[in-house]
């Protein structure tokens, strides 16, 4: 994660420095740690059985962590690649519009999940276990997560204009 000139850099595709299976496991673990047993969430999901926030959060976090940002490409991979299908066990994204809407409505949650995965990647590459990160590194992780979300948004807008 460090460049030859000493500057700290994070690759767009984290599978350049960590195996795809390990990355997928980290994504699943971070998202499993959220409070999916919250009574209000359970009631909401019961009233909206076709809404699958856990699947969307898992798939989008993995995609954005592995350098896949266009919603059309994410949808295609959920249909054709076993790794993506394994991430969307309860359902798959039904449309590009659904992916865009989830990203727009849950930007803060996606930002959080990306930061957690980026932090795990940093810990893994440093071989130091859990790290207490200085403010500058925390800011770098936040900026990187936001850049990934912005790139996805801009690529989707560009695709709409074509």
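In the set (1) exposed (fewer than 15 other Cβ atoms within 10 Å of the Cβ); (2) modelled with pLDDT of 90 or more; (3) within 18 Å of residue 110 (Cα to Cα), residue 31 fails one condition alone, (1).
Scanning region 43-65 for residues that are at pLDDT 90 or above and farther than 24 Å from residue 149 by Cβ turns up 43, 46, 47.
Considering region 132-146, and only residues there that are assigned to a helix (DSSP H, G or I) and loosely packed, with under 10 Cβ neighbours inside 10 Å, the residue that is modelled with the highest pLDDT turns out to be 136.
Rundown of residues vs (1) modelled with pLDDT of 95 or more; (2) under 29 Å from residue 72 (Cα atoms); (3) assigned to a helix (DSSP H, G or I), yes/no style:
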position	(1), (2), (3)
104	no, yes, yes
110	yes, yes, yes
113	yes, yes, yes
130	no, no, no
148	yes, yes, yes
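Checking each residue in region 79-102 for being surrounded by 21 or more Cβ atoms within 10 Å (Cβ to Cβ) and farther than 13 Å from residue 28 by Cα picks out 93, 99, 102.
The values are calculated or read from the model by the stated rules, or taken from the named source; none is laboratory data. The structure presented is a predicted model; accordingly, all values stated were derived computationally and were not measured. Positions of Cβ are generated from backbone atoms using ideal geometry, with glycine treated the same way; all protein chains shown enter the neighbour counts.
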